[in-house]
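Let me begin by presenting the structure, written as structure tokens, before commenting on it.
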Amino acid sequence: MAHEEVILLDFWPSMYGMRVRVALAEKGVKFEYNEENLAGKSPILLEMNPTFKKIPVLIHNGKPICESLNVVQYIDEVWKDKVTFLPCDPYEKYQALFWADYVEKVFESGRKLWMEKGGEQQTRKKNYIDSLRMLEGILGHKLYFGGENFGFLDIALIGICSWFYTYEKFGEFSTLIEVPKIIAWVKRCMQKESVSKSVAEPLKVYDFALQIRKHYGIE
Ligand SMILES: N[C@@H](CCC(=O)N[C@@H](CS)C(=O)NCC(=O)O)C(=O)O
């Protein structure tokens, strides 16, 4: 493709942002990274995503694409010459999209582990672990969710590895014991530079979570 401008509006601990970072790295697309301050959103974020005012936003030659799974599909279609994320077979493709959508539930149950307080932590923990176990079943004995290749569902989920430590600390469990195949999958994914260079450092994320809890008086 001729000269093009690719800008990513992002926030470093965001699992949604990590999807886009990994997708761009997988395709070898160079981009300008713009870190957002979500407590004081930039005029460009408000202009580029007036509907939700959320990161990530990919700005391709001046035009915004919003919603992380949408952005990853866009990247897959625009930069076709490298790897492909979604299978060509319609059934396989829509299965991948279905499970990528399910990942939202996993992210949301993980968020409740560290953002909510009160007596329901055992239920939250169970919901979170059950949701990951469901995905563990989908992974089965495959190398990646995409089979032999790292694909769309792998990209949709991988950012969660930056948050495992935080979830473990607040939920008091071991991810390795609960979902060992997911941990083995994370290790395989981390061997890819596109992943290891794009995901956030778990201890830094934990520190961030502690600050947010303090800010909202969750202690
Ligand atoms: N469904 C959206 C979720 C994105 C999202 O929740 N972004 C958060 C950061 S992780 C955000 O920008 N929050 C700012 C806000 O809610 O005001 C996606 O997949 O892109």
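The values are calculated or read from the model by the stated rules, or taken from the named source; none is laboratory data. Nothing here was measured: the structure is a model prediction, and the numbers come from that model. FYI the Cβ positions are ideal-geometry reconstructions off the backbone, even for glycines, and counts take in every protein chain you see. Protein only, heavy atoms only, side chains kept; ligands, DNA and RNA dropped before computing areas. Shrake-Rupley method; radii C 1.70, N 1.55, O 1.52, S 1.80 Å.
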## Note on the structure
Inside the stretch 162-183, the number of residues satisfying the requirement of being aliphatic (A, V, I, L, M) and either open to solvent by less than 40 Å² (accessible area, probe 1.4 Å) or not in a helix (DSSP H, G or I) (or both) is 3
### Query
When residues of the stretch 145-161 are filtered for being under 14 Å from LEU69 (Cβ atoms) and assigned to a helix (DSSP H, G or I), how many remain?
8
### Query
From the list LEU86, LEU132, LEU69, LEU58, which one is at pLDDT 95 or above and over 28 Å from ALA209 (Cα atoms)?
LEU86
### Query
Do you know which residues across the stretch 28-83 are within 23 Å of PHE98 (Cβ to Cβ), open to solvent by less than 30 Å² (accessible area, probe 1.4 Å) and more than 11 Å from the ligand (Cβ to nearest atom)?
ILE75, ASP76
#### Entry: All positions within the stretch 190-201 that are within 19 Å of LYS169 (Cβ to Cβ) and buried (at least 16 other Cβ atoms within 10 Å of the Cβ)
VAL199, ALA200
### Query
Tell me, which helices (runs of 4 or more DSSP H) lie completely within the stretch 36-138 with 3 or more residues that are closer than 18 Å to PHE150 by Cα?
68-78, 90-115
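Kindly provide the set of residues from the stretch 113-146 that are small (Gly, Ala, Ser), surrounded by 13 or more Cβ atoms within 10 Å (Cβ to Cβ) and closer than 16 Å to GLU92 by Cα, ordered by number. Can you show your working first?
Taking the stretch 113-146 first, the residues small (Gly, Ala, Ser) are 118-119, 131, 137, 140, 146.
When the remaining residues are screened for being surrounded by 13 or more Cβ atoms within 10 Å (Cβ to Cβ), the result is 131, 146.
Residue satisfying the conditions is GLY146 alone.
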